[in-house]
Structures are given as structure tokens and as C-alpha cells.
Amino acid sequence: MRLPFMSMFMTSPFEGIQEHAEMIKECAWAFQEAIECHIAEKCLRFDELRDEVIRMESEADAIKRRIRGHLPIGTLMPVSKFQLFRYLREQDSVLDAMEDVLDWISYRSEPKIPIEVEKDFILLLDAVIEPIEELSKMVREAREYFRTYSEKQRSKVKEIIRALRRQEHEADKIEHRIKKAVFHMSTDAVTVFHTVRLAEIIGSIADHAENAGDMMRAMLAK
């Protein structure tokens, strides 16, 4: 059975990807508040905020499944399904990493982050929140590019991709600084391991955001 000609143009998967990116951005606010709560002395809302992140992650998964399962066969797209789904997987990994961070904290919520590296953890948190916010902007600008194929618009998307790389590099530097400091602290081995691993998982958020940027760059090259 042949598909009606106009139906080949009716579905834009980038609409769903934009919705997914916006959900990640919204989730990042609760994630940031949860980390700041964990660092604070008398914050009692960590579990509540973690549950909020888990709820939004579930909603984002539903969006992801909808994108994957409701893309009509024969729909004309500016990129291949393979590229599109690889991008979606990397964007979704940003959200998975946020949930992993909060899960890791919940395994050993006390003692909290060692005071010697508290400031650097705040800096690391800021460094990974920025690329999360850039993802939504990147998808929005990419949607416009694939609608118009304007070189000016293409340049806007590429600049965001470069920003993601710079932000990942900054997060990487802070992560290494935390690790170095932790290994020179006079504390028990479990605290060292838990703190180092926490820095790594937080840092992976920026890694996945950069990877998503690389996937987007590949789609722009087509």
C-alpha cells in the first residue's frame, strides 16, 4: 500500500526531540537544587527532589518511546533514522546521568561532600548545567536550519556545538581538580571512592552533551 504523498511530509521528529530536550532542561533545575541541597547542612528535601527527577525522567522516556515508535514508514526526513536515533540516545544519556548522580548520592548520603572540595563541586555543577541548557537551544536552531537550509542558521548551530565542547573541557578540568584534591585528603577509603566516583558521574553529564553536539554536527554535514 502506497502512502499518500502529503503524509510523507507531515511528521517532523525534531518536534519530539525538542520536547525531549525541554524536559531535560526542566529536569536539570530539580537536579541542581538536589545537589545543592545535598551539600547544604540542613536541607531535608533531597529525597523529594530526587523523586521529582525520577518522575521527569520517566516522562522523558515516554517522549523518547513516542519518537521511536511513531515515526511513519516513508516519512521524508533531512537525516537518516540511524543518525536521528543515535542523537536521541545521547541526549537521553544526559538525563540518565543526572539520575545516576542522585542514585549514587542516595547510597551514602552521610557524610556529605567533604568540605575541602565543596566549592569545586558547585563549580562542576554549574559547568554541567550550562551544556544542558545549550542542548535545547541547539535543537531549536537545528529545526530551523532543516526547515530553511540557511547557511547563517547552520553557523548558529555550529557555534552552539563549539560552546558545548568548551563547556565539557571546563567541566573536565574541574573534575580532575576534585580528584586530585580528594586523593590528598586525610579521610577513609570509602569517602575517597564515593567522592571521586561522584565527580566522574557529574562530569559525564557534560560528556554526553558534547557527544550530542557531535551527533548534531554529523547531521548538519549531510
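No value in this document is a laboratory result; all are computed from the given coordinates. Given the structure is predicted, the values throughout are model-derived calculations rather than measurements. All Cβ positions, glycine included, derive from the backbone under ideal geometry; neighbour counts span all protein chains shown.
Yes or no: Ser150 free of Cβ contacts under 8 Å to residues at least 60 places away in the same chain and farther than 29 Å from Arg108 by Cα? Considered against the rule, which asks whether it is free of Cβ contacts under 8 Å to residues at least 60 places away in the same chain and farther than 29 Å from Arg108 by Cα, Ser150 comes out as yes. From the list Lys137, Lys158, Lys179, the one residue that fits, being touching a residue at least 24 places away in the same chain (Cβ under 8 Å), farther than 18 Å from Ala97 by Cα, in a helix (DSSP H, G or I) and touching a helix residue (DSSP H, G or I) at 6+ places or on another chain (Cβ under 8 Å), is Lys158.
Among the residues of region 17-65, those identified as free of Cβ contacts under 8 Å to residues at least 60 places away in the same chain and small (Gly, Ala, Ser) are Ala30, Ala40, Ser58, Ala60, Ala62.
Would you please name the residue that is farthest from the chain's Cα centre (by Cα), looking only at residues in region 137-157 that are β-branched (Val, Ile, Thr) and either surrounded by 15 or more Cβ atoms within 10 Å (Cβ to Cβ) or under 14 Å from Gly213 (Cβ atoms) (or both)? Filtering region 137-157 for residues that are β-branched (Val, Ile, Thr) and either surrounded by 15 or more Cβ atoms within 10 Å (Cβ to Cβ) or under 14 Å from Gly213 (Cβ atoms) (or both), the one farthest from the chain's Cα centre (by Cα) comes out as Val157.
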